[in-house]
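Chemist: Below is the structure I would like to discuss, written out as structure tokens.
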Amino acid sequence: MSTAGEVLGGPGPAHPDSRIRAFLRLVMIEHSVFALPFAYIAALTAMFRLDGNIHWGRLLLVTIAMVGLRTFAMACNRIIDREIDARNPRTAGRELVTGAVTVRSAWAGALVAVVVFLGAAALLNPLCLALAPIAVIPMVVYPYGKRFTNFPHAILGIAQAMGPIGAWLAITGSWSWQAVLLGLAVGVWIGGFDLIFGCQDVQADRAHGVMSVPARFGIPAALHGARACHAVTMLLFLWFALVTDAGPLFWVGLAVVAGAFLYEHTIVRPHDLSRLNRAFFTVNGFIGIALFACALFDLLVRGLTV
């Protein structure tokens, strides 16, 4: 078996910096862009309603907690799925399959990430720390979901829904149904685009017994399901805007999001998945950033103090 150093192109053990870079590639750290904007929307909206001021220290801790938990979740996902990944041509180049990252190193990174998450939760408030283990559970369950249910996308949605809810709790220290609405919107949104993403693996999933909506019900059904999810997402966003008395700029952001959803579902068709990556990465990344920018400017215009 090749050593990590040999896989990375050098003799002997890999340099620590190379191992860190390989681990960051493994967990796709840049994909934090999907979840962070909505945690920020929740946190800043809570600050606006609390006292109208941005609490930068808490916002930093929210960022650390989100990145830590997501890193832990992705590392667990890659570790648990490494044998499935090895059998799928699309994922056979992932770091745990090629040996660029060892299983031991991946577990070490996951442990560091979850400790960072728990530490940030502890620094935020007692309620965040008490509820933190609940947030960890679906992150570990999700990778196993494709082994016992055709709807692992729903487990992913539940996991992702916790981000905005946790961010609101981090600021106020109390439960909020407004945050639940935003969390549900995010969960349904991510579950919907995971349906789209899963369409590219239908043949490999069916060949190896991996369960998903596209593999069980077909690509057309999965795409119809994604459209339904994103319609529900828009309704939940609208509901959140109403119950939080959002201003005009936030509504502009919702109009932009609606347009992005329409575009996303016109470029991916059952017999043409050539633009799937554009729909998954580019459009959904844009949705999070665009809505966050509009929400931020809306709160600043309405009196949120930097």
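The values are calculated or read from the model by the stated rules, or taken from the named source; none is laboratory data. Nothing here was measured: the structure is a model prediction, and the numbers come from that model. Note that each Cβ is placed from the backbone with ideal geometry, even for glycine, and that neighbours are counted across all protein chains shown.
Chemist: Any chance you could count how many residues in segment 198-220 are small (Gly, Ala, Ser) and part of a helix (DSSP H, G or I)?
Modeler: Total satisfying the criteria: 4.
Chemist: Another one. Which residues, counting only those in segment 182-217, are among the small types (Gly, Ala, Ser) and under 14 Å from Thr91 (Cα atoms)?
Modeler: Passing the criteria: Gly198, Ala204.
Chemist: Please pick out the residue among Leu223, Leu242, Leu195, Leu236 that is of a type outside the set (S, T, N, Q), more than 30 Å from Ala122 (Cβ to Cβ), in a helix (DSSP H, G or I) and free of Cβ contacts under 8 Å to residues at least 12 places away in the same chain.
Modeler: Exactly one of Leu223, Leu242, Leu195, Leu236 is of a type outside the set (S, T, N, Q), more than 30 Å from Ala122 (Cβ to Cβ), in a helix (DSSP H, G or I) and free of Cβ contacts under 8 Å to residues at least 12 places away in the same chain, namely Leu242.
Chemist: Another question about this same structure. Taking Arg78 and the conditions (1) within 30 Å of Trp177 (Cα to Cα); (2) touching a residue at least 40 places away in the same chain (Cβ under 8 Å), which numbered condition does it fall short on, given that it satisfies the others?
Modeler: (1)
Chemist: Another one. Since Asn277 meets every condition but one in (1) polar (S, T, N, Q); (2) more than 20 Å from the chain's Cα centre (by Cα); (3) farther than 16 Å from Ile41 by Cα, which condition does it not meet?
Modeler: All conditions pass for Asn277, except number (2).
Chemist: Restricting to segment 119-137, name every residue that is modelled with pLDDT of 95 or more and within 18 Å of the chain's Cα centre (by Cα).
Modeler: Within segment 119-137, none qualify.
Chemist: Also: Is at least one residue of segment 271-278 over 21 Å from Thr149 (Cβ atoms) and either touching a residue at least 60 places away in the same chain (Cβ under 8 Å) or touching a strand residue (DSSP E or B) at 6+ places or on another chain (Cβ under 8 Å) (or both)?
Modeler: Checked against the condition, which is being over 21 Å from Thr149 (Cβ atoms) and either touching a residue at least 60 places away in the same chain (Cβ under 8 Å) or touching a strand residue (DSSP E or B) at 6+ places or on another chain (Cβ under 8 Å) (or both), segment 271-278 yields at least one hit.
Chemist: In segment 116-174, how many residues are among the hydrophobic types (A, V, I, L, M, F, W, C) and outside any helix (DSSP H, G or I)?
Modeler: Taking segment 116-174 first, the residues among the hydrophobic types (A, V, I, L, M, F, W, C) are 116-118, 120-124, 127-132, 134-137, 139-141, 148, 151, 154-156, 158-159, 161-162, 165, 167-171.
Subset that is outside any helix (DSSP H, G or I): 148, 151.
Of the residues in that region, 2 qualify.
Chemist: Would you mind finding the one in Gly99, Gly57, Gly119, Gly68 that is without any contact (Cβ under 8 Å) to a residue 60 or more places away in the chain and over 22 Å from Phe38 (Cβ atoms)?
Modeler: Of Gly99, Gly57, Gly119, Gly68, the one residue that is without any contact (Cβ under 8 Å) to a residue 60 or more places away in the chain and over 22 Å from Phe38 (Cβ atoms) is Gly119.
Chemist: Determine which member of the set Ala258, Ala293 is assigned to a helix (DSSP H, G or I), under 25 Å from Gly57 (Cβ atoms), in contact with a helix residue (DSSP H, G or I) (Cβ under 8 Å, 6 or more places away or on another chain) and modelled with pLDDT of 95 or more.
Modeler: Step by step, each of Ala258, Ala293 is checked, and only Ala293 is assigned to a helix (DSSP H, G or I), under 25 Å from Gly57 (Cβ atoms), in contact with a helix residue (DSSP H, G or I) (Cβ under 8 Å, 6 or more places away or on another chain) and modelled with pLDDT of 95 or more.
Chemist: If you don't mind, there's one more thing I want to ask. Can you tell me which residue in segment 44-53 is farthest from Gln200 (Cα to Cα), limited to those that are modelled with pLDDT of 95 or more and aliphatic (A, V, I, L, M)?
Modeler: Met47
Chemist: Please count how many residues of segment 223-263 are closer than 23 Å to Val301 by Cβ and of a type in the set (Ser, Thr, Tyr).
Modeler: Residues in segment 223-263 being closer than 23 Å to Val301 by Cβ and of a type in the set (Ser, Thr, Tyr): 1 in total.
Chemist: Right, here's the next one. For the list (1) closer than 26 Å to Trp239 by Cα; (2) surrounded by fewer than 24 Cβ atoms within 10 Å (Cβ to Cβ), I need the number of the one condition that Gln203 fails.
Modeler: With (1) closer than 26 Å to Trp239 by Cα; (2) surrounded by fewer than 24 Cβ atoms within 10 Å (Cβ to Cβ) applied to Gln203, the lone miss is (1).
Chemist: Please specify each residue of segment 133-168 satisfying the condition of being closer than 20 Å to Phe38 by Cα, surrounded by fewer than 23 Cβ atoms within 10 Å (Cβ to Cβ) and touching a residue at least 60 places away in the same chain (Cβ under 8 Å).
Modeler: Listed by number, the residues that qualify are Ala135, Val136.
Chemist: Ok, one more. If only one of Ala86, Ala122, Ala92, Ala113 is on the phi < 0 side of the Ramachandran plot, surrounded by 17 or more Cβ atoms within 10 Å (Cβ to Cβ) and among the small types (Gly, Ala, Ser), which one is it?
Modeler: Ala113
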